[in-house]
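Beneath this line is the structure, given in structure tokens, with notes to follow.
The values are calculated or read from the model by the stated rules, or taken from the named source; none is laboratory data. Model, not experiment: these values are computed from the prediction. Note that each Cβ is placed from the backbone with ideal geometry, even for glycine, and that neighbours are counted across all protein chains shown. The accessibility values were calculated without ligands, DNA or RNA, using every heavy atom of the protein model including side chains. Shrake-Rupley method; radii C 1.70, N 1.55, O 1.52, S 1.80 Å.
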Amino acid sequence: MTARIFHREYEPRAPAKIYMLLQRFLIRLATMLITLFGVAVVVFVVIRVAPGDPIAMMLPPGATDADIARLRALYGLDKSIVEQFFIWLSGVVRGDFGTSISLRQDVLGLVFNRLPATLELAIVALVMAVAIGGVTAILGARERGTAVEAGIDIASGAALSIPDFLWGLVLILLFGVLVPIFDISGRVSPQLDLPFVTQFYFFESLLRLRFDLTWDLLKHMLMPAVALALPLAAIISQLLKQSLKEVLDLDYVVLARVKGFSETQVILREALKNAALPTLTLVGVQFTFLIGGTVIVERLFSYEGLGNMAIDAVINRDLPLIQGIVLVFALLFVLINLAVDMMYALLNPRLRHG
Amino acid sequence: MSACLDIVNLSAVLPNGQRVLRSVSLAVQPGEVRALVGESGAGKTMIGKAVLGVLPSSVRIVEGDMRLEGEDLGKLRPKARRTLIGARTALIPQDPLTALNPSRRIGPQMTDRLVRILGWSAERADTRIRQLLDEVQIRDPERVLKSYPHELSGGMRQRVLIAAAFAAEPRLIVADEPTTALDVTVQKQILRLIAQLQREHGTAILFVTHDLGVVAKISQKVSVLYAGKVVEEAETAALFAAPRHPYTRALMGATPRYTDPFASLKPVDEAVLAGLAAEIAAVDQAWRQPHG
Amino acid sequence: MDKARMWRRGVSPRLWLAGGWLLLALLAAIFAPLVAPQDPLAQDLMLERLPPFWLDGAEPGYWLGTDSLGRDLLSRLIFGGRIAFIVAFAAAIAACLVGSTLGLIAGYFGGWADRIISRIVDIWMAFPPVLFAILLVAVLGTGLSSVILAIAIIDWTRFCRVIRAEAMGQSRMDYVENARIAGYGRIGIMLREVLPNVVPSIVALLSLEMGIAVIVEAILSFVNLSISADDPTWGGIIAEGRLSIHQAWWVLVFPLITLILTVLSFSQFGEALKARFDPVLR
């Protein structure tokens, strides 16, 4: 009798798991490429089809007709728009994003020079958002139905409704002017001598154990990071608390309480992992929103990142640079979504084990 | 010798003031299997949850004492109570599908109480768990311990949960309808298993069920519940031989018998229900007077 | 019902506070020439950086003080509200019409329509929205209609995603099936059975989007890309305040408070309206 039950229970599934994960990865990769191609088309169309001659925008006033014609031929603008697109795209695929008009440098080099600053800011903000959101969610779930939970709900409601731009301004007023403990502009104090070989100043200062520099960088980075982190922290807090509360009524959690674990232990050991899965998917999308927010927040704090450069590029009508930056942002976004999707598949035991 | 579990005058209410437990008194002796029977909503699960300290947050205990081997649970600090309950009791839950954490392997879920609450070494806990898995006739412990819950069938999971419940040698196990969610064929095996382990370990069990057939098989004493009140308490054999309360008789009448499947399914008689309503009203009246 | 839920249900005070502020700001904007105490463009270097009325050195008639060019802050805020509200209403409605229509089609019809629309939404989601808006205004040229168009172009996806999901859920309901059996056409069912059920979400999103449009307009004028440089805008005042933050904090504080109140009110108003309209919650 029991033997029959055994057979039903154990079926080897190992090859199927890997196959499924691989298949999922390839499908996502294909959609990702389609999305990137779409982004390239949209950027190209917005810039080239828009009113105004791109060549006229590129040249200083007083350029002759001969100059214009020469530049047209150089940029392939005498060809059809579809041909132009593929010429441009083939360059992009080879890593040739063109030359910045205002800065007269290779676009890709400029972008890679600035990208680390933005990534550092976004990652620090993400870590803060996960920490703040996670702690408040766990606290709210543990104190469910009390004034503590109501307070957390009100705070997260406000943090969510106010966008990063306004949080940045509020922080500038509070900690830049009223109680000036942080720096409100730049990435690092200009008088400092920087020994860094990479552009990841913050992470490199940690690795080199130069905590004096870490502190200076942090003093510059903290407020823009908090401004970016607050709305995301609120979303994480609300969603995670909601799913924690749902999980906390389930039988295996009750069983853990009977076993003698305290409520905090129950939440951390039994509930958190299962409740975090739905939050994880959302955090992926929201992280791309956070990175999108760096554009204006960097501007607000004069932080020398990619977003700040992008706004300068738009104001200077530096088309190649704009195209390059937008494409790099788009690539970053789809890569994050891909990573989150794969992480979800790996962490979900149901997907992982057949 | 003090009772393993002694409940005196336990009352619990919902936020709207409705009583879900009406002055319940109940004593379970060491090694005794006590069945709690009643229809759904009769409060039998509530008693189990109250003992284990896992009542839903909406239910509030307003009166009564619960003693676990002489220790007054109401007088302990929450942390001490948690630890005491964790060390001396265990729960065999109703639904084995939802009672195991889907994202943790079986092994750690079975040993965590032994290691983290009782302070056993990992090796000792592991040995103990394998011993118990053998007792619940799992022939393949290596594989089961490494599995995730969804890789096991319902019957297997219930075996795992039973093994985990007995592993720490608790004095009292609350079995909350442990066979209800299972296939009929598996039900019998599981029931036999619980009875066998109970005999070998000498554990007292508070066995919550709505199935009088199960009661007859496993318990020594029975408490019959209606609307959160114990309406009859008797030795199992005596109860089946001569039920005193009309509601008990009605319940027995409502239990299907294979010999006469159609005649036996009678609804509870109107007169019996009216008598019960009067009885409940009298209890509530007596309860309200001292409490204003 | 736990406290958190009760707070969410407590519609009335929030609705009144949010609605009250929006009405006040809207009326002030509409009757700006009547209520503004000063000409918002009038510069007077004798009156530069006057503090608000309760501080020493304030001038009567300049309630919230003046900026570095001596322009009256309150009057500039009131006139700035005109642009903010025009952009909010026009851009949100445009984004709503485009996004909801596409979302309804994708969600209800599914199949190829859904695949194409979802792919476009994916592409849109790969753009940093603020940068996209800045780029669009730069390309379209500054001006009110460019700003409105840019916001509608970047934000229609918000409506599309939500309405698609809801319409998809609705189209699986039994009553939609019944209507089909009863012989109604697919577009008829979409408009008669599905659309009314997604209206609460559309209304809530519309209100939320108005708040977002106000912010995007402020961001655009903050980077000096919104309307002409002369017209007072909330973002323009903030940019000015950010520069003179150490000399005249009020130039930043008052527009910031105005923006926060407006954004909060729009989102709270939307939530409250949704609760009001939602047959399940009601």
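Projecting the Cα positions of C:Leu69, A:Gln199, A:Leu280 onto the charge dipole of the protein assembly as shown (unit charges on Cβ atoms of Lys, Arg, Asp and Glu, taken about the Cα centre) puts A:Leu280 furthest along the positive direction.
The alpha carbons of segment B:1-153 occupy a box of 49, 34, 28 Å along the principal axes, longest dimension given first.
To the nearest ten degrees, helix A:65-74 and the longest principal axis of the Cα atoms of chain A are 40 degrees apart.
Ordering C:100-106, C:202-208 by mean Cβ neighbour count within 10 Å, with the highest value first, yields C:100-106, C:202-208.
The A and B chains share an interface that buries close to 3100 Å² of accessible area, total over both sides, probe 1.4 Å.
Give me the 1.4 Å probe accessible area per residue for chain A, excluding ligands and nucleic acids, in Å². Numbers along the way, then the final one.
Working: 15810 Å² over 354 residues.
On a per-residue basis, chain A sits at 45 Å².
Candidates B:Pro78, B:Ala286, B:Ile173 compared by Cα position along the dipole of chain B: farthest toward the positive end lies B:Pro78, with charges placed on Cβ.
Mean sequence separation of contacting Cα pairs (under 8 Å, at least six apart), scaled by the length of segment B:105-167, corresponds to a relative contact order of 46 percent.
In percent, rounded to a whole number, the relative contact order of chain A is 28, using alpha-carbon pairs under 8 Å and six or more apart. Rounded to the nearest 20 debye, the dipole size of chain C about its Cα centre is 1300 debye, using +1 on the Cβ of Lys and Arg and -1 on the Cβ of Asp and Glu. So how far, in whole Å, is the C-alpha centre of segment B:26-44 from the one of segment C:118-188? First find each Cα centre; the distance between them is then 59 Å. Taking a span of 27 Å or more along the helix axis (Cα atoms) and a mean Kyte-Doolittle hydropathy of at least 0.0 as the rule, the DSSP H helices of chain B that qualify are B:270-291. For the segment B:91-103, counting C-beta atoms of other chains within 10 Å of every residue's C-beta and taking the mean gives 5.
What is the distance in Å between the Cα centroid of segment A:266-334 and that of segment B:109-175? Centre-to-centre (Cα) distance: 47 Å.
Pairs of Lys residues in chain A are counted when their Cα atoms are under 26 angstrom apart and they lie 8 or more places apart or on different chains; the count is 6.
Each of C:Leu45, C:Leu140, C:Val203 was placed along the dipole of chain C (beta-carbon charges, centred on the mean Cα), and the one lying farthest toward the positive end is C:Val203. Which shape class applies to chain B: rounded if a/c is under 1.5, otherwise prolate when a/b exceeds b/c and oblate if not, where a ≥ b ≥ c are the square roots of the Cα gyration tensor eigenvalues? Oblate is the answer for chain B, as a/c is 1.5 or above yet b/c matches or exceeds a/b. Please determine, in degrees from 0 to 90 and to the nearest 10, the orientation of helix A:306-315 with respect to the longest principal axis defined by the Cα atoms of chain A, where the helix direction is its Cα long axis. Compared with the principal axis, the helix lies near 40 degrees. Peptide B:145-151 has a mean shielding of 3, counted as Cβ atoms of other protein chains within 10 Å of each residue's Cβ. Which shape class applies to the protein assembly as shown: rounded if a/c is under 1.5, otherwise prolate when a/b exceeds b/c and oblate if not, where a ≥ b ≥ c are the square roots of the Cα gyration tensor eigenvalues? Here the protein assembly as shown falls in the prolate category. For chain C, the longest principal axis of the C-alpha atoms and the axis of helix C:144-171 are separated by about 30°.
Relative to the Cα centre, the charge distribution of chain B, modelled as +1 at Lys and Arg Cβ and -1 at Asp and Glu Cβ, gives a dipole magnitude of about 720 debye. For segment B:66-218, the antiparallel share of DSSP beta bridges with both residues in that region comes to about 20%. Excluding the site residues themselves, the longest part of chain B lacking any chymotrypsin sites (Phe, Trp or Tyr not before Pro) in a DSSP loop with at most 10 other Cβ atoms within 10 Å is B:1-257.
Mind checking the mean number of beta-carbon atoms from other chains within 10 Å of the Cβ atoms in A:292-305? Write out the running numbers ahead of the final one.
Numbers: counts 8, 3, 3, 9, 13, 1, 0, 7, 6, 1, 1, 0, 0, 0.
Partner Cβ neighbours, averaged per residue: 4.
Here is the list for segment C:42-145: chymotrypsin sites (Phe, Trp or Tyr not before Pro) lying in DSSP coil, each with at most 10 other C-beta atoms within 10 angstrom of its C-beta, are C:Trp54. Surface composition of the protein assembly as shown: carbon and sulfur atoms hold 62% of the protein heavy-atom accessible area at a 1.4 Å probe. Counting only protein heavy atoms and a 1.4 Å probe, segment B:5-291 has 44 square angstrom of accessible area per residue. For chain B, the relative contact order works out to 24 percent when only alpha carbon pairs closer than 8 Å and six or more residues apart are counted. Place a +1 charge on the Cβ of each Lys and Arg in the protein assembly as shown and a -1 charge on the Cβ of each Asp and Glu, then give the dipole magnitude about the Cα centre in debye, rounded to the nearest 20. So the dipole magnitude of the protein assembly as shown works out to roughly 2880 debye. Going by a ≥ b ≥ c, the root eigenvalues of the Cα gyration tensor, does segment B:104-150 fall in the rounded group (a/c under 1.5), the prolate group (a/b larger than b/c) or the oblate group? Cα axes put segment B:104-150 in the oblate bin. Note on the protein assembly as shown: helix-only mean residue ellipticity at 222 nm, from DSSP H runs of 4+ residues weighted -39500 (n - 2.57) and normalised by residue number, equals -20500 deg cm²/dmol. For segment C:66-277, the average shadow cast by the Cα convex hull is 12.8 nm², which is a quarter of the hull's surface.
Summary: within chain A, the longest segment free of trypsin sites (Lys or Arg not before Pro) located in DSSP loops with at most 13 other C-beta atoms within 10 Å is A:209-354.
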